[in-house]
Amino acid sequence: MRKIIVTEDIKLLAENYAKGLDNGTNLSAKPLDNLKTLKETLTKSTTKIIFSAKQSNPKGNKKRSFSATELPQYAEYIQTIIDLYSSINKLLPWQYEVVIRRMEVILKPEYMNAAVKIVKAEPYYFTDLIIKAMDYKGVRENIFPDYVRNDVLGIKTCIYCNAQFAITAETEPALTPAMIKKRGKRRGRKPQPRPAILRANYELDHNLPKSSYPYLCTNFYNLIPCCSSCNKHKSKYPLDFTLYAKNGDDLEPLYFELPTDDLLKFQLRHVCGGLHVELKDRVGGTLAEEFNKRFAIDAIYKEHSEEIRELLWRHKIYSSSGIAALKDGFKDLFQDGFDIDRFVLGTYADTQDVFKRPLTIMKQDIMKQLI
């Protein structure tokens, strides 16, 4: 719910990330090679493009199954991704529209969900074949996490709710071949399940959904760290919010506020219990309403009233003279320094660090309200 200015350091991250994908670093194969293979497949008469009874097709007739050679725009679509690949993974968000228009001239959105049947294999949606060729799964598991946790970005929490970490536990399917015997004879090798591997990884949302814009499925700026809950509820629905911004953009369109009655209870009677915050729009608009409708932000933060209470305690206890004494007393105790503001707030005090720990945005906003 806060934005990040795209600095030269972030652009350099995106540049290095895109070069790694060009070379297929840490991937099982180069995505470019996968795309070329897919394009070649879509030029063969044995490949079928299939539409359901409810789908329209580029030919505009009642026929439902076509040879790929009858619909050359599908191969052309892949060739365009290949031509753009070196730049597409580092494309800035405000540059998307130019590429989107170019792709939609080749193939209209309503034709994207056709099924593609390659020889005797099971049919796959055209978009899924692109996502697989671009190896989104490999990128998410093996490449992008290192860029998210890099000091330049330092993102660990959900960028939508900031109430949870963007790390999720997931099961990695694990099959091992075993020799199967029957009646004393070897019957060949058959995959046998072994205990699955449970590991932690970043949950990622696509600002522009990969189901509609598969060529942006591995775009650096289109991969948004978030929690499992927000990812599930955001799904493929559009949201009038982007993580990355240009200089001059409003970086804090939303903020948390203690209602006036609760604030007066604290200031006049030092009542710290039963408090809750509300998400507000900085300058009019309906973004806060949209966030609540999509992610239930106010309801989530109502469950964190104890965090608000402890923040109010610290604010009341640590006077300016007390803070000065703490700074003086602890300045030589820790080798990496002592951040009194972080100590009093109970989280990072710098606005650049809001995505390093859950609830940081709320705590920073309340502290601004109290000062």
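The values are calculated or read from the model by the stated rules, or taken from the named source; none is laboratory data. Please read all numbers here as calculations on a predicted model, not as lab measurements. Heads up, the Cβs are rebuilt from the backbone with ideal geometry, glycines too, and the neighbour counts pull from every protein chain shown. To get the accessible areas, we keep the full protein, side chains included, count just its heavy atoms, and leave off ligands, DNA and RNA. Shrake-Rupley method; radii C 1.70, N 1.55, O 1.52, S 1.80 Å.
Scanning the range 50-59 for residues that are part of a helix (DSSP H, G or I) and not β-branched (Val, Ile, Thr) turns up nothing. In the range 244-257, what residues are at negative phi and either open to solvent by 30 Å² or more (accessible area, probe 1.4 Å) or assigned to a loop (DSSP other than H, G, I, E, B) (or both)? Across the range 244-257, the qualifying residues are LYS246, ASN247, ASP249, ASP250, LEU251, GLU252, PRO253, TYR255, GLU257.
Residue-wise test of (1) acidic (Asp, Glu); (2) open to solvent by 70 Å² or more (accessible area, probe 1.4 Å); (3) modelled with pLDDT of 90 or more.
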| residue | (1), (2), (3) |
| --- | --- |
| ASN292 | no, no, yes |
| PHE295 | no, no, yes |
| TYR301 | no, no, yes |
| LYS331 | no, yes, no |
| GLY337 | no, no, no |
| ASP341 | yes, yes, no |
| VAL354 | no, no, yes |
| THR360 | no, no, yes |
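Filter the range 169-223 down to the residues that are among the hydrophobic types (A, V, I, L, M, F, W, C), part of a loop (DSSP other than H, G, I, E, B) and surrounded by fewer than 15 Cβ atoms within 10 Å (Cβ to Cβ), then identify the one that is modelled with the lowest pLDDT. Step through it out loud before you land on a result.
Going through the range 169-223, the residues among the hydrophobic types (A, V, I, L, M, F, W, C) turn out to be 169, 174-175, 178-180, 196-198, 200, 204, 208, 216-217, 220, 223.
From the residues that got through so far, the ones that are part of a loop (DSSP other than H, G, I, E, B) too are 174, 196, 208, 217.
Next cut, surrounded by fewer than 15 Cβ atoms within 10 Å (Cβ to Cβ) only: 174, 196.
On the way: ALA174: 51, ALA196: 68.
Going through the qualifying residues, I end up with ALA174.
Condition check ((1) within 18 Å of VAL148 (Cα to Cα); (2) touching a residue at least 60 places away in the same chain (Cβ under 8 Å)) across all residues:
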| position | (1), (2) |
| --- | --- |
| ARG199 | yes, no |
| GLU203 | yes, no |
| SER212 | no, yes |
| THR218 | yes, yes |
| CYS227 | yes, yes |
| ASN231 | yes, no |
| SER235 | no, no |
| PHE241 | no, yes |
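Counting only helices (runs of 4 or more DSSP H) that sit wholly inside the range 258-371, those with at least 3 residues that are touching a Cys at 6+ places or on another chain (Cβ under 8 Å) and farther than 20 Å from CYS230 by Cα are 305-317.
Go through the range 316-329 residue by residue and tally those that are among the β-branched types (Val, Ile, Thr) and either open to solvent by 100 Å² or more (accessible area, probe 1.4 Å) or in contact (Cβ under 8 Å) with a residue 24 or more places away in the chain (or both). Qualifying residue count for the region: 1. Restricting the first member to the range 44-72 and to residues that are among the charged types (D, E, K, R) and at pLDDT 95 or above, and the second to residues that are open to solvent by less than 80 Å² (accessible area, probe 1.4 Å) and part of a loop (DSSP other than H, G, I, E, B), the beta-carbon pairs closer than 8 Å and six or more apart or on different chains are LYS48/PRO123. Taken over the range 54-88, residues that are farther than 30 Å from PHE220 by Cβ, small (Gly, Ala, Ser) and out of contact with any Lys or Arg (no Cβ under 7 Å at 6 or more places or on another chain) amount to 2.
PHE241 meets each of the listed conditions (1) at pLDDT below 95; (2) open to solvent by 10 Å² or more (accessible area, probe 1.4 Å) apart from (2).
Note on the range 1-51: residues that are within 30 Å of ASN162 (Cβ to Cβ) and either open to solvent by less than 50 Å² (accessible area, probe 1.4 Å) or not acidic (Asp, Glu) (or both) amount to 18.
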